[in-house]
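Presented below is the structure to which this report refers.
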Number of protein chains: 2
Amino acid sequence: MSEVYADRRVRLRDRCAAAGSPAALVSRPANVRYLTGGSPAGAVLLLGPEEDVLLCPTVPGADPADGRVDELLRQLLLPAGGGDPAVAAVDFARKAGADALAVEEHHLTVARHRAMGSVAPRLRLADLSSAVEQLRIVKDEDEIACLRIAAEIADQALGELLESILVGRTERHLALELERRLVDHGADGPAFATSVATGPHSGRGGHKPTDRRVEEGDFLSVCLGANYRGYRCEIGRTFVIGTTPADWQIELYDLVFAAQRAGREALAPGAEYRDIDRAARQILAAAGHGDVSAPLTGHGVGLEIDEDPQLAPAAMGKLDACVPVTVEPGVHLPGRGGVRIDDTLVVRQEADGGPELLTITTKELLAL
Amino acid sequence: MSEVYADRRVRLRDRCAAAGSPAALVSRPANVRYLTGGSPAGAVLLLGPEEDVLLCPTVPGADPADGRVDELLRQLLLPAGGGDPAVAAVDFARKAGADALAVEEHHLTVARHRAMGSVAPRLRLADLSSAVEQLRIVKDEDEIACLRIAAEIADQALGELLESILVGRTERHLALELERRLVDHGADGPAFATSVATGPHSGRGGHKPTDRRVEEGDFLSVCLGANYRGYRCEIGRTFVIGTTPADWQIELYDLVFAAQRAGREALAPGAEYRDIDRAARQILAAAGHGDVSAPLTGHGVGLEIDEDPQLAPAAMGKLDACVPVTVEPGVHLPGRGGVRIDDTLVVRQEADGGPELLTITTKELLAL
């Protein structure tokens, strides 16, 4: 596996060299993990002019397992109280003869950047910008395999919940139970804070669970995901509680389902990000739900739950094969509730069978 | 309650004015919450030359309850896709006639700071530094009341766990169960990721729970805390599994207990931060555990679990009354395990009865 990380570092180094920086400093944890296989707390990766070094602070009680990184990489454990590893890295780069260092200006704070500048005034700090995030967009098959397992785990946890009694239980408890089930099935943890939304809360993306209890006649929207070896997926479903959904519920569900299907079907290598968004959005808008829908229809997933690309009206760019994204339109009617349907899929060539659906729980409207 | 937040803003404004800034922008979420009573996702607080404004981005699915802030405060909801509220705030300050704006350089990224600078080149961006964090150190009695409830909840969750069967269960499951119990007892959530460490893992601060199962003869260290209305406490205890602790376990436990008691007894208004640390640390060092102990003995708690002050060897400053801190020395022997004992206490005047212990679970060595 080590070659994978070394290859990624070579690609980044080539990009930096082309941009005029002989050295780069990666500080954003998910980026460090992508390039090293691990992310010991607070560690930063220096792609030096001659060699790569992972600088790790001594963290009390840190689990050595978290620090397990690519063994081809030199690791430097800084002494306890040794200050900011990013500052140490600047000094390291200077001594290695670098005259410029590209840093992640979208991650470093102003105060930290200033401390880095002051330790080596003649070293020019350039902007690495989101170079690593760009590399991360297209996944290799090992990464996709992790996402596939993460999705299986989320499907299992959700499936078990559906078999239990729901009426009378609070959003908070259902969310905790789902998170426990994710871990039972082998997740390292939830991919993000599990959302359970009942009745008037339903259909709201990112709803924070409350003490409201599930009632007969409610819509129930659930959004969860597993973190498996660092890779995070997302699934969202909406159910109806009771024997017979009301007409407005069926109508709204069918609408969101149609929008979500349109979004999924638009996924193809070469498709514009904003066209995926438009495919889903125009269906909601045609039914008069243009304003209440979310600012985006989906987003990339991977080592973070919300990665590039954004599938949004103003997003620029085109999908590639092997990019995993969510498609998650929803409608929320204030005071009444609503519907969200959310899948994680991998963009694939038509010849390879088209988009690969990772989250396979049924999208029929289930009355529970 | 609104007056509380308005008073805090007045105090901050006075501080800024004294430092030559007619306006300040607060972006760090816990600081926004401290000054407004709420922290809608992504919101920033502008203390303008004339009035205060909370600028909130439109966040899809955001729960209006999270945005419930001091009603004396003007709130401005930015349109969806309206960009960074911090950039909007700069424009706002400029139009209000400010020539300088103090910002939180320890929170803003370089990229964000640059975007803010470019929207109003003639507005000077100064550094607010940790002015709000400094205000937050001394708590009022309402804040302490929240911490007291948070501590009661953590005590209850821990007490229930001790009554259950532990042998054979994994660290991960015990941690999840503790978190569920915290919520059952009224916590908004865990104050931080619950740590459960068994056998060779025990005594390691911040240990991430694994699939290791509790065994007879193990030390079991648990560290948890509740978040109640935003306020976070911390409790850590170490137990022995089985009927009779081994001699080395009793000896190590007594040592850490003595160090923790010395730290607690040193808490008093006017005491130097580092003297609290030294009181605990010298007892461990005298027994030959100078190197393996943590870089700090305790820290402040409040809206964040790790606040100022740091009770550490190089910390500068003196305790005030009404400062809640943890005292949490520990020893971890690689391969064998160890002991951590962690309380949250409020510094009080001697005349008021001395330090107020919030986490009251027994610190006798229990054999479970």
Percent breakdown of C-alpha pair distances by 20 Å bin, ordered from the shortest bin, for chain B: 28, 49, 22, 1
Estimated inter-spin distance, residue B:6 and residue A:250, nm [label 7 Å along Cα→Cβ]: 5.5 nm
For the range A:2-135, the accessible surface attributable to carbon and sulfur atoms (probe 1.4 angstrom, ligands and nucleic acids excluded) amounts in percent to 52 percent
For chain B, the charge dipole (Cβ of Lys, Arg +1; Cβ of Asp, Glu -1; about the Cα centre) points to a positive end, and the Cα of B:367, B:168, B:53 closest to that extreme belongs to B:53
Which listed residue (A:248, A:217, A:227) has the Cα farthest towards the positive end of the charge dipole for the range A:206-254, taking +1 on Lys and Arg C-beta and -1 on Asp and Glu C-beta about the Cα centre? A:227
Inter-copy label distances at residue A:119 (7 Å, Cα→Cβ; nm, one decimal): 3.2
What share of the DSSP beta bridges in the protein assembly as shown is antiparallel, in percent to the nearest 5? 80 percent
at residue B:14 the sorted inter-copy label distances (label 7 Å from Cα on Cβ side), in nanometres, are 6.2
Can you work out the FRET efficiency for the pair residue A:243 and residue A:357, with r the C-beta to C-beta distance and R0 = 25 Å, to the nearest 0.05? 0.30
Rounded to the nearest 5, what is the percent of antiparallel bridges among the DSSP beta bridges in chain A? 80 percent
Pick out which of B:351, B:187, B:279 has the largest mean-square fluctuation in a Gaussian network model of chain B, springs linking Cα atoms closer than 10 Å. B:351
How big is Rg to Rh over the protein assembly as shown, alpha-carbon atoms, Rh as the Kirkwood inverse-mean-distance radius? 0.96
Please compute, for the alpha-carbon atoms of the range B:2-135, the extent along each of the three principal axes and give them in descending order in Å. 36, 33, 25
Once whole DSSP H runs in chain B are found, which of them have Cα atoms spread over 18 Å or more along the helix axis and a mean Kyte-Doolittle score of at least -1.0? B:2-18, B:141-162, B:171-184, B:247-266, B:273-286
Percent of all Cα-Cα pairs per 10 Å bin for the range B:71-122, counting from 0 up to the last occupied bin, reads 21, 52, 26, 1
Only bridges whose two residues both fall in the range B:1-114 count here: according to DSSP, what percent of them are antiparallel, nearest 5? 55 percent
Packing-based order for A:114-126, A:306-318, using average beta carbon neighbours within 10 Å, highest first: A:306-318, A:114-126
Taking both sides together, what accessible area is buried at the B/A interface, probe 1.4 Å, expressed in Å² and rounded to the nearest 100? 2400 Å²
Using only the Cα atoms of the range A:214-368, what do you get for the radius of gyration and for Dmax, in Å? 15.4, 46
With r defined as the distance between the Cβ atoms of residue B:167 and residue A:184 and R0 fixed at 25 Å, what FRET efficiency is calculated, to the nearest 0.05? 0.85
What number comes out for accessible area per residue over the range A:2-135 if the probe is 1.4 Å? Units Å², please. 44 Å²
Specify the residue with the greatest mean-square fluctuation among B:46, B:284, B:77, computed from a Gaussian network of chain B linking alpha-carbon atoms under 10 Å apart. B:77
So the FRET efficiency between residue B:286 and residue B:333, C-beta based with R0 = 25 Å and rounded to 0.05, is 0.90
How would you order A:217-227, B:259-269 from highest to lowest mean count of nearby Cβ atoms within 10 Å? A:217-227, B:259-269
Between copies, how far apart are the residue B:333 label points? List them in nm, one decimal, shortest first, with each point 7 Å from Cα toward Cβ, please? 6.7
Size of charge dipole - chain B - debye, nearest 20, with Cβ of Lys, Arg +1 and Asp, Glu -1, no other charges: 1020 debye
In debye to the nearest 20, how big a dipole does the range B:141-357 give about its Cα centre with +1 on each Lys and Arg Cβ and -1 on each Asp and Glu Cβ? 600 debye
Modelled label reach - residue B:19, point 7 Å along Cα→Cβ, the range B:124-142 residues with backbone N closer than 19 Å: B:124-138
Under 28 Å between C-alpha atoms is the cut-off here; go through chain B and count lysine pairs that meet it, provided they're at least eight residues apart or on different chains. 4
Let me spell out the model: positive unit charges on the Cβ of Lys and Arg, negative unit charges on the Cβ of Asp and Glu, origin at the Cα centre of the range A:68-225. What dipole size does that give, in debye rounded to 20? 860 debye
More than 17 Å apart: what percent of Cα pairs in the range A:272-358 qualify? 49 percent
Over the range A:141-357, what is the relative contact order in whole percent, taking alpha-carbon pairs under 8 Å and six or more residues apart? 21 percent
In the calculated pair distance distribution of the range B:148-248, what percentage of Cα-Cα distances lie above 19 Å? 37 percent
Whole-Hz ³J(HN,Hα) from phi, Karplus 6.51 cos²θ - 1.76 cosθ + 1.60, for the range B:324-331, glycine and proline x: x, 9, 9, 10, 8, x, x, 9
Sticking with the crude label model, points 7 Å out along Cα→Cβ, report the distance from residue A:212 to residue B:349 in nm, one decimal please. 4.8 nm
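The values are calculated or read from the model by the stated rules, or taken from the named source; none is laboratory data. Just so you know, these numbers come straight off a predicted model, no measurement behind them. Every residue, glycine among them, receives a Cβ derived from its backbone with ideal geometry; neighbour counts consider all protein chains shown. Surface accessibility is based on the protein's heavy atoms, side chains included, excluding ligands, DNA and RNA. Shrake-Rupley method; radii C 1.70, N 1.55, O 1.52, S 1.80 Å.
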